[in-house]
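What follows is a set of notes on a single structure, which appears directly below.
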């Protein structure tokens with residue numbers, strides 16, 4: 001996905017959501033800071049899908065955010081260069097001691113109040129587990145320089161299978177909550193146990 005062309009990014013978001021809608025019902029869409037653009041927000045509004053897009057630290061009111069959540073339903077995300085564009089949305093900022101900026105900022109078209117803002121922020125944080133899963137999956141992914149899609153898909157399928165087996169193994173070792181921050185069975189040991197070595201395939 002081109003990261004420096006707002007037209008391409010909004011078109012990709014539209015195409016992706018329209019394709020997914022043909023297969024499943026979309027409840028909510030969560031997007032990271034890279035999608036905080038007027039063009040993307042405009043497309044999300046037009047598609048009438050409930051969204052939450054994380055906002056950068058400079059977004060929102062200049063007032064310092066202390067203990068209470070800030071909700072601005074009249075907020076606008078602006079494209080400040082040609083083609084100029086303004087997308088209406090709701091800005092929300094939630095104090096978060098564990099966040100790198102101490103404040104979790106996002107824009108949304110959901111009905112958010114100061115009382116429910118923290119719940120939306122928590123829902124967004126839960127998606128980080130998906131990113132962590134993909135990062136761990138790459139530890140099982142053989143490297144290849146092959147441009148053939150079927151080859152690359154096969155390697156990814158093998159890596160996904162091994163990752164799922166690793167998750168199951170950890171659940172057998174520690175089957176109940178609270179779960180430890182680090183898995184009891186590291187991926188390196190798991191690969192040794194099943195005698196899997198990851199080679200560079202040409």
Pop the C-beta distance of residue 24 and residue 176 into the FRET formula with R0 = 25 Å and round what comes out to the nearest 0.05. 0.20
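Please find the FRET efficiency linking residue 116 to residue 152, where r is the Cβ-Cβ separation and R0 is fixed at 30 Å, and quote it to the nearest 0.05. The partial results should precede the final answer.
Working: r = 43 Å, r/R0 = 1.42.
My answer for the efficiency is 0.10.
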Ascending count of other beta-carbon atoms within 10 Å, so fewest first, for 174, 58: 58, 174
Output the 0 to 90 degree angle, nearest 10, between the alpha-carbon long axis of helix 38-47 and the longest principal axis computed from the alpha carbons of the chain. 90
7 Å from Cα along Cα→Cβ at both residue 102 and residue 74: what's the point-to-point distance in nm? 2.9
As an exercise, use a Förster radius of 22 Å and the Cβ-Cβ distance of residue 167 and residue 123 to find the FRET efficiency, rounded to the nearest 0.05. 0.50
Please arrange 36, 134 by counting, for each residue, the other beta carbons lying within 10 Å of its beta carbon, fewest first. 134, 36
On alpha carbon coordinates alone, what is the Rg over Rh value for the chain, Rh being the Kirkwood radius? 1.04
GNM, the chain, Cα, under 10 Å: largest mean-square fluctuation among 48, 72, 22? 22
Full extension from residue 84 to residue 133: what is 0.36 nm times the residue separation minus their Cα-Cα distance, to one decimal in nm? 13.8 nm
Could you check what % of the DSSP bridge pairs in the chain are antiparallel, to the nearest 5? 75
Burial-style ranking of 160-173, 143-156, 103-116, average other-beta-carbon count within 10 Å with highest first, yields 103-116, 160-173, 143-156
Return an integer: the convex hull volume of the alpha-carbon atoms of the range 6-126, in Å³ per residue. 106
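No value in this document is a laboratory result; all are computed from the given coordinates. Predicted model only: the values in this text are computed from it and were never measured. Positions of Cβ are backbone-derived with ideal geometry, glycine not excepted, and every protein chain shown enters the neighbour counts.
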